[in-house]
Amino acid sequence: MPAAHPLQIVGVRHWMVAMPFVSALEWGSGKRPAATRLIVELELANGQVGFGETICLLEFIAPVLERTVVPIALQYRACDVEHFTRHVFGAGYYHHKRAAVMAMAAVEMAMWDAFGRSTGQPLHALWGGAYRQQVAVAAYLFGTDAGALRTAAQRFLDQGYRSFKVKIGMTPESDIGNVEAVRAVVGRHDLRADVNGAWTPGTARRMLERLRGFDLQYIEQPLELDDLQGHAELRRVQPVPVALDESAYTLADVGNIVRAGAADVVLLDPHEIGGLWQTIKAAAVAESVGIPVTLHSGGELGFSQAAYVHLAASIPNLSISIDSERAYLSGDVVQAPLLLQDGAFAVPQDPGLGVSIDPERLAAHTVDRIQGAYLDAARPGWFSTKPAY
(Lines give C-alpha, C1' and ligand atoms only; values in the text may rest on other atoms or scores of the structure.)
Protein backbone atom coordinates (compact mmCIF):
# COMPACT_ATOMS: atom_id res chain seq x y z
CA MET A 1 0.00 0.00 0.00
CA PRO A 2 1.53 3.38 -1.02
CA ALA A 3 2.47 5.81 1.71
CA ALA A 4 0.02 8.63 2.43
CA HIS A 5 0.70 11.98 0.84
CA PRO A 6 2.56 14.20 3.33
CA LEU A 7 -0.34 16.69 3.39
CA GLN A 8 -3.03 14.04 3.89
CA ILE A 9 -5.27 14.78 6.88
CA VAL A 10 -5.01 11.79 9.20
CA GLY A 11 -6.56 13.06 12.42
CA VAL A 12 -9.00 15.69 13.69
CA ARG A 13 -9.77 16.82 17.24
CA HIS A 14 -11.98 19.64 18.45
CA TRP A 15 -12.95 21.51 21.61
CA MET A 16 -15.75 23.91 22.50
CA VAL A 17 -14.41 26.81 24.53
CA ALA A 18 -16.00 29.81 26.21
CA MET A 19 -13.91 32.89 26.87
CA PRO A 20 -15.70 35.32 29.22
CA PHE A 21 -15.97 38.95 28.26
CA VAL A 22 -14.78 41.39 30.90
CA SER A 23 -18.37 42.60 30.93
CA ALA A 24 -21.35 41.17 29.07
CA LEU A 25 -21.90 42.68 25.61
CA GLU A 26 -25.36 44.19 25.12
CA TRP A 27 -26.78 44.39 21.62
CA GLY A 28 -30.11 44.23 19.81
CA SER A 29 -30.37 40.45 19.92
CA GLY A 30 -29.48 39.89 23.56
CA LYS A 31 -26.67 40.04 26.10
CA ARG A 32 -23.60 37.87 25.57
CA PRO A 33 -21.45 36.96 28.61
CA ALA A 34 -18.76 35.04 26.72
CA ALA A 35 -17.39 34.23 23.30
CA THR A 36 -18.18 30.56 22.61
CA ARG A 37 -15.92 29.10 19.92
CA LEU A 38 -14.99 25.74 18.41
CA ILE A 39 -11.26 25.01 18.13
CA VAL A 40 -10.13 22.34 15.66
CA GLU A 41 -6.75 20.61 15.40
CA LEU A 42 -5.77 18.74 12.23
CA GLU A 43 -2.87 16.29 12.04
CA LEU A 44 -1.20 15.59 8.69
CA ALA A 45 0.66 12.49 7.54
CA ASN A 46 3.92 14.48 7.69
CA GLY A 47 3.36 15.07 11.41
CA GLN A 48 2.47 18.73 11.00
CA VAL A 49 -0.57 20.06 12.83
CA GLY A 50 -2.82 22.99 12.05
CA PHE A 51 -5.43 24.82 14.08
CA GLY A 52 -8.69 26.46 13.16
CA GLU A 53 -11.49 28.25 14.96
CA THR A 54 -15.10 29.17 14.36
CA ILE A 55 -17.95 30.97 16.05
CA CYS A 56 -20.28 28.64 17.96
CA LEU A 57 -23.52 30.32 18.99
CA LEU A 58 -26.04 27.80 17.66
CA GLU A 59 -26.66 24.22 18.74
CA PHE A 60 -26.33 22.60 15.32
CA ILE A 61 -22.74 23.70 14.64
CA ALA A 62 -20.90 21.04 16.67
CA PRO A 63 -23.01 18.11 15.38
CA VAL A 64 -22.51 19.20 11.77
CA LEU A 65 -18.77 19.40 12.43
CA GLU A 66 -18.63 15.96 14.03
CA ARG A 67 -20.97 14.02 11.74
CA THR A 68 -20.40 15.57 8.33
CA VAL A 69 -17.45 17.93 8.10
CA VAL A 70 -14.79 15.86 9.89
CA PRO A 71 -15.47 12.59 7.99
CA ILE A 72 -15.23 14.51 4.72
CA ALA A 73 -12.05 16.31 5.78
CA LEU A 74 -10.33 12.99 6.46
CA GLN A 75 -10.60 12.24 2.73
CA TYR A 76 -8.49 15.23 1.76
CA ARG A 77 -5.07 16.83 1.90
CA ALA A 78 -4.51 20.14 3.62
CA CYS A 79 -4.13 21.86 0.24
CA ASP A 80 -7.49 20.62 -1.12
CA VAL A 81 -9.57 23.50 0.27
CA GLU A 82 -11.78 24.09 -2.76
CA HIS A 83 -12.63 20.41 -3.21
CA PHE A 84 -13.32 19.98 0.51
CA THR A 85 -15.67 22.97 0.56
CA ARG A 86 -17.66 21.79 -2.43
CA HIS A 87 -17.83 18.25 -1.01
CA VAL A 88 -19.49 19.53 2.17
CA PHE A 89 -22.03 21.52 0.18
CA GLY A 90 -22.55 18.45 -2.02
CA ALA A 91 -23.39 16.36 1.05
CA GLY A 92 -26.82 18.03 1.06
CA TYR A 93 -25.81 21.44 2.35
CA TYR A 94 -26.21 23.15 -1.01
CA HIS A 95 -29.85 23.30 0.18
CA HIS A 96 -28.91 24.73 3.58
CA LYS A 97 -25.56 26.49 3.23
CA ARG A 98 -25.98 28.52 6.42
CA ALA A 99 -26.26 25.27 8.37
CA ALA A 100 -22.81 24.14 7.21
CA VAL A 101 -20.61 27.19 6.81
CA MET A 102 -19.68 27.74 10.47
CA ALA A 103 -18.65 24.12 11.03
CA MET A 104 -16.72 24.05 7.75
CA ALA A 105 -14.84 27.22 8.60
CA ALA A 106 -12.91 25.77 11.55
CA VAL A 107 -11.62 22.83 9.54
CA GLU A 108 -10.85 24.94 6.48
CA MET A 109 -8.83 27.39 8.61
CA ALA A 110 -6.90 24.48 10.12
CA MET A 111 -6.18 23.17 6.61
CA TRP A 112 -4.65 26.52 5.64
CA ASP A 113 -2.67 26.68 8.89
CA ALA A 114 -1.26 23.17 8.40
CA PHE A 115 -0.49 23.87 4.73
CA GLY A 116 1.23 27.16 5.56
CA ARG A 117 3.28 25.54 8.30
CA SER A 118 4.25 22.70 5.95
CA THR A 119 5.44 25.11 3.27
CA GLY A 120 7.05 27.55 5.70
CA GLN A 121 4.85 30.42 4.47
CA PRO A 122 2.49 32.81 6.31
CA LEU A 123 -1.05 32.65 4.97
CA HIS A 124 -1.02 36.04 3.29
CA ALA A 125 1.96 34.86 1.20
CA LEU A 126 -0.18 32.00 -0.13
CA TRP A 127 -2.88 34.47 -1.21
CA GLY A 128 -0.82 36.86 -3.30
CA GLY A 129 1.27 38.54 -0.64
CA ALA A 130 0.73 41.38 1.80
CA TYR A 131 -0.99 44.37 0.19
CA ARG A 132 -0.70 46.21 3.53
CA GLN A 133 1.46 45.67 6.62
CA GLN A 134 -0.86 47.24 9.22
CA VAL A 135 -4.52 46.34 9.75
CA ALA A 136 -6.61 49.04 11.41
CA VAL A 137 -9.31 48.05 13.91
CA ALA A 138 -12.55 49.83 14.81
CA ALA A 139 -13.23 50.39 18.50
CA TYR A 140 -16.50 48.56 19.28
CA LEU A 141 -19.02 50.30 21.57
CA PHE A 142 -21.99 48.57 23.22
CA GLY A 143 -24.95 49.49 25.41
CA THR A 144 -27.46 52.34 25.72
CA ASP A 145 -25.96 54.46 28.52
CA ALA A 146 -24.71 57.65 26.88
CA GLY A 147 -22.32 58.45 29.72
CA ALA A 148 -20.75 54.99 29.61
CA LEU A 149 -20.44 55.22 25.83
CA ARG A 150 -18.63 58.55 26.07
CA THR A 151 -16.24 57.12 28.67
CA ALA A 152 -15.52 54.03 26.57
CA ALA A 153 -15.06 56.07 23.39
CA GLN A 154 -12.54 58.34 25.15
CA ARG A 155 -10.64 55.32 26.47
CA PHE A 156 -10.35 53.84 22.97
CA LEU A 157 -9.36 57.23 21.55
CA ASP A 158 -6.61 57.56 24.16
CA GLN A 159 -5.37 54.07 23.19
CA GLY A 160 -4.81 55.20 19.61
CA TYR A 161 -7.97 54.02 17.85
CA ARG A 162 -9.03 56.21 14.94
CA SER A 163 -12.12 54.30 13.83
CA PHE A 164 -15.26 53.65 15.89
CA LYS A 165 -18.39 51.51 15.71
CA VAL A 166 -21.46 51.84 17.93
CA LYS A 167 -24.33 49.41 18.32
CA ILE A 168 -27.79 50.88 17.88
CA GLY A 169 -31.12 49.21 17.08
CA MET A 170 -31.93 48.44 20.73
CA THR A 171 -34.53 51.13 21.47
CA PRO A 172 -35.86 54.01 19.39
CA GLU A 173 -34.82 56.41 22.16
CA SER A 174 -31.18 55.30 22.21
CA ASP A 175 -30.57 55.19 18.45
CA ILE A 176 -29.80 58.89 18.13
CA GLY A 177 -28.37 59.27 21.64
CA ASN A 178 -25.76 56.53 21.13
CA VAL A 179 -24.45 58.07 17.93
CA GLU A 180 -24.53 61.57 19.39
CA ALA A 181 -22.60 60.48 22.49
CA VAL A 182 -19.80 58.79 20.55
CA ARG A 183 -19.51 61.48 17.87
CA ALA A 184 -19.10 64.12 20.59
CA VAL A 185 -15.96 62.32 21.79
CA VAL A 186 -14.32 61.07 18.58
CA GLY A 187 -14.65 64.24 16.52
CA ARG A 188 -14.14 63.72 12.79
CA HIS A 189 -12.74 60.20 13.08
CA ASP A 190 -14.66 57.50 11.19
CA LEU A 191 -17.84 56.42 12.98
CA ARG A 192 -20.30 53.75 11.87
CA ALA A 193 -23.46 52.38 13.48
CA ASP A 194 -24.88 48.85 13.46
CA VAL A 195 -28.66 48.32 13.62
CA ASN A 196 -28.69 44.48 13.46
CA GLY A 197 -31.84 44.53 11.33
CA ALA A 198 -34.03 46.21 13.95
CA TRP A 199 -35.63 48.87 11.72
CA THR A 200 -38.60 48.77 9.40
CA PRO A 201 -38.10 50.56 6.05
CA GLY A 202 -40.07 53.55 7.33
CA THR A 203 -38.09 53.78 10.54
CA ALA A 204 -34.86 53.51 8.56
CA ARG A 205 -35.73 56.50 6.38
CA ARG A 206 -36.76 58.58 9.40
CA MET A 207 -33.76 57.63 11.55
CA LEU A 208 -31.24 58.17 8.77
CA GLU A 209 -32.65 61.63 8.15
CA ARG A 210 -32.15 62.40 11.85
CA LEU A 211 -28.62 60.92 11.72
CA ARG A 212 -27.62 62.83 8.58
CA GLY A 213 -25.65 65.48 10.46
CA PHE A 214 -23.42 62.93 12.22
CA ASP A 215 -21.65 61.96 8.95
CA LEU A 216 -21.69 58.20 9.51
CA GLN A 217 -19.15 56.17 7.57
CA TYR A 218 -22.00 53.71 7.00
CA ILE A 219 -25.14 52.27 8.55
CA GLU A 220 -24.87 48.51 9.02
CA GLN A 221 -27.73 46.08 8.43
CA PRO A 222 -30.54 48.61 8.89
CA LEU A 223 -33.25 46.24 7.63
CA GLU A 224 -34.08 42.56 8.01
CA LEU A 225 -31.40 40.37 6.44
CA ASP A 226 -33.51 38.99 3.54
CA ASP A 227 -34.69 42.40 2.37
CA LEU A 228 -32.20 43.15 -0.41
CA GLN A 229 -34.75 45.17 -2.35
CA GLY A 230 -35.44 47.31 0.72
CA HIS A 231 -31.73 47.97 1.20
CA ALA A 232 -31.35 48.90 -2.48
CA GLU A 233 -34.22 51.36 -2.17
CA LEU A 234 -32.78 52.78 1.04
CA ARG A 235 -29.51 53.50 -0.77
CA ARG A 236 -31.41 55.52 -3.38
CA VAL A 237 -33.42 57.75 -1.02
CA GLN A 238 -30.77 58.95 1.46
CA PRO A 239 -27.01 59.68 1.52
CA VAL A 240 -25.65 57.43 4.32
CA PRO A 241 -23.79 54.44 2.81
CA VAL A 242 -25.49 51.10 3.51
CA ALA A 243 -23.40 48.13 4.72
CA LEU A 244 -24.61 44.53 4.89
CA ASP A 245 -23.23 41.68 6.97
CA GLU A 246 -26.05 39.39 8.15
CA SER A 247 -27.26 39.44 4.54
CA ALA A 248 -23.81 38.31 3.34
CA TYR A 249 -23.21 34.95 4.99
CA THR A 250 -22.45 32.94 1.84
CA LEU A 251 -20.69 33.52 -1.45
CA ALA A 252 -24.06 33.39 -3.22
CA ASP A 253 -25.39 36.01 -0.78
CA VAL A 254 -22.63 38.39 -1.85
CA GLY A 255 -23.41 37.79 -5.51
CA ASN A 256 -27.08 38.55 -4.88
CA ILE A 257 -26.20 41.75 -2.99
CA VAL A 258 -24.11 42.97 -5.93
CA ARG A 259 -26.80 42.08 -8.47
CA ALA A 260 -29.45 43.86 -6.43
CA GLY A 261 -27.34 46.97 -5.85
CA ALA A 262 -28.15 46.55 -2.15
CA ALA A 263 -24.93 47.72 -0.45
CA ASP A 264 -22.15 50.28 -0.54
CA VAL A 265 -20.01 48.17 1.82
CA VAL A 266 -20.02 44.42 2.56
CA LEU A 267 -18.89 42.96 5.88
CA LEU A 268 -17.52 39.47 5.41
CA ASP A 269 -16.96 36.80 8.04
CA PRO A 270 -14.93 33.66 7.24
CA HIS A 271 -16.86 31.65 9.82
CA GLU A 272 -20.20 32.52 8.27
CA ILE A 273 -19.17 32.09 4.65
CA GLY A 274 -17.44 28.72 5.07
CA GLY A 275 -13.78 29.62 5.27
CA LEU A 276 -10.88 31.88 4.38
CA TRP A 277 -10.84 31.01 0.68
CA GLN A 278 -14.56 31.70 0.36
CA THR A 279 -13.93 35.10 1.98
CA ILE A 280 -11.26 35.93 -0.57
CA LYS A 281 -13.59 34.92 -3.41
CA ALA A 282 -16.43 37.03 -2.01
CA ALA A 283 -14.13 40.04 -1.65
CA ALA A 284 -13.17 39.65 -5.31
CA VAL A 285 -16.85 39.71 -6.33
CA ALA A 286 -17.21 43.01 -4.47
CA GLU A 287 -13.93 44.33 -5.86
CA SER A 288 -15.13 43.73 -9.42
CA VAL A 289 -17.81 46.42 -8.96
CA GLY A 290 -15.79 48.79 -6.77
CA ILE A 291 -17.36 47.86 -3.41
CA PRO A 292 -15.04 47.94 -0.37
CA VAL A 293 -15.27 45.16 2.21
CA THR A 294 -14.33 44.70 5.83
CA LEU A 295 -14.66 41.95 8.46
CA HIS A 296 -17.42 41.32 10.99
CA SER A 297 -16.50 40.35 14.57
CA GLY A 298 -18.02 37.67 16.78
CA GLY A 299 -15.47 37.44 19.59
CA GLU A 300 -12.50 35.99 17.72
CA LEU A 301 -9.85 34.22 19.77
CA GLY A 302 -6.22 34.02 18.69
CA PHE A 303 -6.54 31.72 15.69
CA SER A 304 -9.42 33.58 14.07
CA GLN A 305 -7.93 36.97 14.91
CA ALA A 306 -4.72 35.98 13.15
CA ALA A 307 -6.72 34.73 10.18
CA TYR A 308 -8.53 38.08 10.02
CA VAL A 309 -5.25 39.96 9.88
CA HIS A 310 -3.90 37.73 7.09
CA LEU A 311 -7.11 38.29 5.13
CA ALA A 312 -7.05 42.04 5.67
CA ALA A 313 -3.38 42.15 4.69
CA SER A 314 -3.90 40.38 1.38
CA ILE A 315 -7.28 41.64 0.07
CA PRO A 316 -6.84 44.99 -1.74
CA ASN A 317 -10.43 46.22 -1.30
CA LEU A 318 -10.47 45.35 2.41
CA SER A 319 -9.75 49.01 2.89
CA ILE A 320 -12.00 49.72 5.90
CA SER A 321 -10.91 49.06 9.48
CA ILE A 322 -12.01 45.63 10.66
CA ASP A 323 -14.39 44.95 13.53
CA SER A 324 -12.94 43.33 16.64
CA GLU A 325 -14.29 42.51 20.09
CA ARG A 326 -10.78 41.70 21.32
CA ALA A 327 -10.74 44.56 23.82
CA TYR A 328 -13.57 42.84 25.73
CA LEU A 329 -12.07 39.34 25.94
CA SER A 330 -10.70 38.25 29.32
CA GLY A 331 -8.10 35.92 27.82
CA ASP A 332 -7.19 33.61 24.95
CA VAL A 333 -6.24 30.02 24.11
CA VAL A 334 -3.07 30.84 22.16
CA GLN A 335 0.37 31.40 23.62
CA ALA A 336 1.00 34.89 22.23
CA PRO A 337 -2.07 36.60 20.76
CA LEU A 338 -1.41 39.23 18.12
CA LEU A 339 -0.70 42.58 19.75
CA LEU A 340 -3.22 45.34 19.12
CA GLN A 341 -1.28 48.60 19.30
CA ASP A 342 -2.50 52.12 18.47
CA GLY A 343 -5.70 50.63 17.07
CA ALA A 344 -3.99 48.32 14.59
CA PHE A 345 -2.46 44.85 14.17
CA ALA A 346 0.90 44.20 12.52
CA VAL A 347 0.75 41.40 9.96
CA PRO A 348 2.26 38.14 11.34
CA GLN A 349 5.21 36.70 9.42
CA ASP A 350 5.53 33.21 10.94
CA PRO A 351 4.29 30.21 8.91
CA GLY A 352 0.59 29.44 8.74
CA LEU A 353 -1.59 31.56 11.00
CA GLY A 354 1.47 32.56 12.99
CA VAL A 355 0.09 31.68 16.43
CA SER A 356 0.27 28.52 18.56
CA ILE A 357 -2.06 26.80 21.01
CA ASP A 358 -1.66 27.11 24.77
CA PRO A 359 -2.82 23.67 26.01
CA GLU A 360 -3.36 24.80 29.60
CA ARG A 361 -5.53 27.75 28.63
CA LEU A 362 -7.45 25.56 26.18
CA ALA A 363 -8.20 23.03 28.92
CA ALA A 364 -9.16 25.77 31.38
CA HIS A 365 -11.80 27.22 29.05
CA THR A 366 -13.22 24.03 27.52
CA VAL A 367 -16.99 23.72 28.04
CA ASP A 368 -19.74 21.36 26.97
CA ARG A 369 -22.44 23.91 26.12
CA ILE A 370 -22.84 27.33 24.55
CA GLN A 371 -22.40 30.14 27.06
CA GLY A 372 -25.22 32.49 26.11
CA ALA A 373 -25.91 33.74 22.63
CA TYR A 374 -29.08 35.47 21.51
CA LEU A 375 -31.23 35.83 24.62
CA ASP A 376 -30.80 37.59 27.97
CA ALA A 377 -30.91 35.70 31.26
CA ALA A 378 -31.94 38.89 33.05
CA ARG A 379 -35.13 39.13 30.94
CA PRO A 380 -36.96 35.77 31.09
CA GLY A 381 -39.27 35.31 28.15
CA TRP A 382 -37.69 38.15 26.14
CA PHE A 383 -36.42 37.63 22.61
CA SER A 384 -35.57 39.98 19.78
CA THR A 385 -37.77 40.46 16.74
CA LYS A 386 -36.54 41.57 13.32
CA PRO A 387 -37.62 44.22 12.52
CA ALA A 388 -38.42 45.51 16.00
CA TYR A 389 -39.71 49.02 15.32
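Structure notes:
- Residue within segment 89-107 that is of a type in the set (K, R) and surrounded by 18 or more Cβ atoms within 10 Å (Cβ to Cβ) present: yes
- Residues located in segment 120-145, provided they are part of a loop (DSSP other than H, G, I, E, B) and either free of Cβ contacts under 8 Å to residues at least 24 places away in the same chain or surrounded by fewer than 22 Cβ atoms within 10 Å (Cβ to Cβ) (or both): G120, Q121, W127, G128, G129, A130, Y131, R132, Q133, G143, T144, D145
- Among the residues of segment 80-102, those that are within 17 Å of I9 (Cα to Cα) and either in contact with a helix residue (DSSP H, G or I) (Cβ under 9 Å, 6 or more places away or on another chain) or at pLDDT below 95 (or both) comprise D80, V81, E82, F84, T85, H87, V88.
- Exactly one residue out of L216, L208, L149 is surrounded by fewer than 23 Cβ atoms within 10 Å (Cβ to Cβ), touching a helix residue (DSSP H, G or I) at 6+ places or on another chain (Cβ under 9 Å), assigned to a helix (DSSP H, G or I) and of a type outside the set (F, W, Y): that is L208.
- Matching residues, segment 173-190, being buried (at least 21 other Cβ atoms within 10 Å of the Cβ) and under 26 Å from Y374 (Cβ atoms): D175, N178, V179, A181, V182
- Conditions (1) assigned to a helix (DSSP H, G or I); (2) in contact (Cβ under 8 Å) with a residue 40 or more places away in the chain; (3) surrounded by 19 or more Cβ atoms within 10 Å (Cβ to Cβ); (4) within 22 Å of the chain's Cα centre (by Cα): number failed by R117: (4)
- Extreme residue, farthest from T36 (Cα to Cα), among residues of segment 324-344 that are among the charged types (D, E, K, R) and in contact with a helix residue (DSSP H, G or I) (Cβ under 9 Å, 6 or more places away or on another chain): R326
- Residue that is surrounded by 19 or more Cβ atoms within 10 Å (Cβ to Cβ), over 17 Å from the mean Cα position of the chain (by Cα) and outside the structural domain of D269 (by TED's automatic domain parsing), where the choices are P387, P359: P387
The values are calculated or read from the model by the stated rules, or taken from the named source; none is laboratory data. Quantities reported herein were computed from a predicted structural model and do not represent experimental measurements. Cβ atoms come from the backbone with ideal geometry, glycine included; neighbour counts cover every protein chain shown.
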